[in-house]
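All of the numbers you see were taken from the coordinates with simple rules; none came from a lab. The shown structure was predicted, so the numbers you read here are calculated from the model rather than taken from an experiment. Every residue, glycine among them, receives a Cβ derived from its backbone with ideal geometry; neighbour counts consider all protein chains shown.
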Amino acid sequence: MSFIYKIIFKEIISDFFHFKIFVICLAIGVFSIALVNTISSSIFFSIERNARTILGGETQISTRGEYFNKEIVNWLKKQNLYFSEITEMRTMAYKKNSEEMSIIVDLKSIDNKYPLFGELRIKNYNKEQDQEISKLLDKEIFVENILLRRLDVKIGDKIFIGNFEYSIKGVIDNEPDRLTNLVSIGPRVIIKKEDLIQSSLNTSGSLVSHKINIKNDLSLTKDLIKQIKKQFPTESLRFESARSSSQNSSQQFINQLKIILILSGITALLLGGLGISNSISHYLAKKNKNIAILKSLGAKSSDIFLIYLTQTVFMSLIGISMGFIIGVFAGYIILQYVPLGLNIDTKTYFNIQTFYLASSYGIITAFIFTLWPLAKAKNTKPSSLFRYISDTKKNIPGKLYIFISGVLLILQIFITIYLFDFSLNSIWFVLGCFALIIFFFFISNVTIYILRNYTFLTKYLNTFAMTNILAPNSSSKNIITCFGIGITLLIVISLVEYNLNKEINLSIKETAPSFFLVDIQKSQFDQLENLVSNSDGFKNINAAPSLRGRLIKVKNTKIENYKLSDDAKWLKKYDFGATFSNKLPMNSDVIEGEWWPLNYNGIPLISIDKNIANDLKVKLGDTLTFNILGREITAKISNLREINWQSFGINFFVIFSPGILEKSPYSYLATAKINSEKEINVFNKIVKNFPNITVIRLKDAIKTVTSTLKKVSDAARGISLLTILVGIFVLAGAISASYDSRKYSSIILKVMGATPYFILRVYLLEFIYLSIITSFISCILGIALAWIITTNLININFSFNLISIIYAPILGILLVCIIGLIGTKKILNSRINSSLRIFSN
């Protein structure tokens, strides 16, 4: 056995650099998994550590629309609880006598007790100011720096919010209870509570949120919430504790980040597995002579397997260690120096689970792709000493190795699902990822078969090039698979993005309104309609009553106890918009049931969106119970609607029949269509005449949407480019592994009189044909997948655009040719005499 260990040691030392591609392919995938878990666990740890600061208190009570009942505030005071009152809303800000467009701001009113935890840091850039700048005086505001740029103002200047003018006292440097500003529509403005009360702004509109943050013993939070619910059972209140709020508010951002990075890591590992398999197969083929000698000297098949398995495990550990260390270090750099949009101090947190996940995924991947070549190598016969090239096709591994490979594959799928928190999406992703790889491998085999049997290239230069592609030990299939998947993803992303942007721009041009107008009071609507309709460039105005509500029961079952699909869980957490109407809204079609008569006056009925009905698993005749402004209303489902959201018109998930909500304190939501040349004039008119109304210009909203789409598509492109990077290493490894056979072929050609230039042309044609084949397959599949996604998942028209996709196949062709020619440069310079001596030996 000591002899075997000596051989293992010598093999590891002498062949260390033969595993470059093996180690790199493994390290790239482990790097991504280590990176994502380092970042996500560090952010979660930082959020947990700052939970009270992020929420604003130990306990938070919140409501939308109307302010808290005075009895609630008085009850909290009687309990001797220390609390702070906050109101958040969206409104308009503008400069006096300015012709520039007003902007939407996120307005926040605070009292003298704010903040209960953390520190509100303000910059005022005025060293001579003596008073404490963290406290606001009358008619003073703090603003985010972006507002100064957009309104072209500076500290000390005054701007209008509502009917009052406010002086900018300082710039917000840190707002402790604002975890992220990634989804903010406008810059933050902080105002005194008393100033907001005195203003003309509507503090009971649909975009208004009221909060009470309480500083209490965290262990008593549950009991406090129970007492408040018992004391005020009819109030529409929401409760958050420091721990639950920190998890909920950060979950969406971190999960999106986590999914993107895990996608890239798993894709890199799975495709890198092809490079690993290719690398170890060619390495063992070169060791065929050594294995045959060892067998001739009495070594058993199990000894051969142990020698090269140990070597593979050792190299795998190096690759995993490299990937893990670089991933953790990169995570530290990102957390310290890259702005993630989080308003908390994120410290790097090493989680031992990160090491276990990354290393286990890496080692399982390595085993899956090396077990088969190792099992074949151990069956090498001593008689192969008398052959230059051994016939490895007959060395089929036994059933035990097939079983072990299957078990490892299942284990890898389980770990993948675990990384995605056992969600249904993870199962679909795993199946889709494996299906795409299997599909490409199948297509590559079919392509090679067709080229081998139905070749149409007769010129000898083309024949030599095609022979290299079709050679038995060629890595053409792996190269087609790796590069093909990367190019396919790039094409899909580009076409889907092009069609989305085209659909959005077309809708804006033809049917979409110019403005959304929110929180129009009943008394204001006629005046507003008159102002807009008499403006230059007026086309149309549409409006509907708007209320905020909350679903509390589904078929007499409390929503808290009702099992909802993942897509419908938001109904448990958030309010929604509702309206009432005797007419079917535009851009809606009843697909099941019937709309109520115009003069309907019966039991409460509702019309709901068909997707919500599917998520809630309800049908016609079932009942839903809502809390609308503290009033419980149970209504029967009368019909289901299909809503055309692409029109950007007014529509609601839930519409009530007439006679139920007319006497409720509702506001109006409206849209207005104006000629583009007159938009700014009408916009400023509305803001200055109705300061409480929030006016959202659709073009500005679309910019935010398209910016978000670009970020998502850029992240997806990153995954595609990572797969292409892996493909580069697979190609480099394939060229390196086939060095001897390529060199042998080139020497034969040189003996026959071929010049280095001729051989260079042969190799160039080989890589051109290989890249063209790959790009052709990728284009067909990419266009097909993009068509399926746009027409079936997004439900928009599909348009082909050559400019959007041409860069992907060109990139593939250039990379394959450049990497291929770099890898064969040394072969062209080899001398005939020395090479013949080596091969003869």
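Once phi is turned into ³J(HN,Hα) by the Karplus curve 6.51 cos²θ - 1.76 cosθ + 1.60 with θ = phi - 60°, what whole-Hz value does each residue of region 810-818 show in order, with x for glycine and proline?
Result, ordered by residue: 4, 4, x, 5, 5, 5, 4, 5, 5 Hz.
May I ask which of K286/K376; K229/K573; K287/K399; K108/K226; K553/K617; K555/K619 have a Cα-Cα span longer than 19 Å here? The partial results should precede the final answer.
On the way: K286/K376 14 Å; K229/K573 17 Å; K287/K399 24 Å; K108/K226 28 Å; K553/K617 13 Å; K555/K619 10 Å.
Among K286/K376; K229/K573; K287/K399; K108/K226; K553/K617; K555/K619, the Cα-Cα distance tops 19 Å for K287/K399; K108/K226.
Assuming R0 = 45 Å, can you tell me the calculated FRET efficiency for the pair K20 and K583, based on Cβ-Cβ distance, to the nearest 0.05? Write out the running numbers ahead of the final one.
Values: r = 71 Å, r/R0 = 1.57.
E between K20 and K583, to the nearest 0.05, is 0.05.
Taking the Cα centre as origin and putting +1 on Lys and Arg beta-carbons and -1 on Asp and Glu beta-carbons, what dipole magnitude results for region 572-705, to the nearest 20 debye? Let's see the in-between values first.
Values: 17 positive and 13 negative charges, 87 e Å.
Result for region 572-705 is approximately 420 debye, rounded to the nearest 20.
Which pairs in the list K123/K192; K10/K378; K222/K663; K193/K539 are over 28 Å apart, alpha-carbon to alpha-carbon? Let's see the in-between values first.
Working: K123/K192 18 Å; K10/K378 18 Å; K222/K663 36 Å; K193/K539 40 Å.
Exceeds cut-off: K222/K663; K193/K539.
What list of ³J(HN,Hα) values in whole Hz, one per residue of region 431-447 in order, does the Karplus curve 6.51 cos²θ - 1.76 cosθ + 1.60 (θ = phi - 60°) give from phi, with Gly and Pro shown as x?
4, x, 5, 5, 5, 5, 5, 4, 4, 5, 5, 5, 4, 5, 5, 5, 4
Place +1 on the Cβ of every Lys and Arg and -1 on the Cβ of every Asp and Glu in region 1-115, take the dipole about the Cα centre, and give the residue among I104, P115, S14 whose Cα lies farthest towards its positive end.
S14
Using modelled amide H (1.01 Å from N, peptide plane; none on Pro or chain starts), what sits under 5 Å from the amide H of I559, excluding residues fewer than 5 places away?
The list, which skips near neighbours in sequence, is K553, V554.
Take every Cα-Cα pair in region 522-663 and report what % of them are more than 17 Å apart. Provide the component values of the computation, followed by the final result.
Values: 6310 of 10011 pairs.
The calculated P(r) of region 522-663 puts 63 percent of pairs beyond 17 Å.
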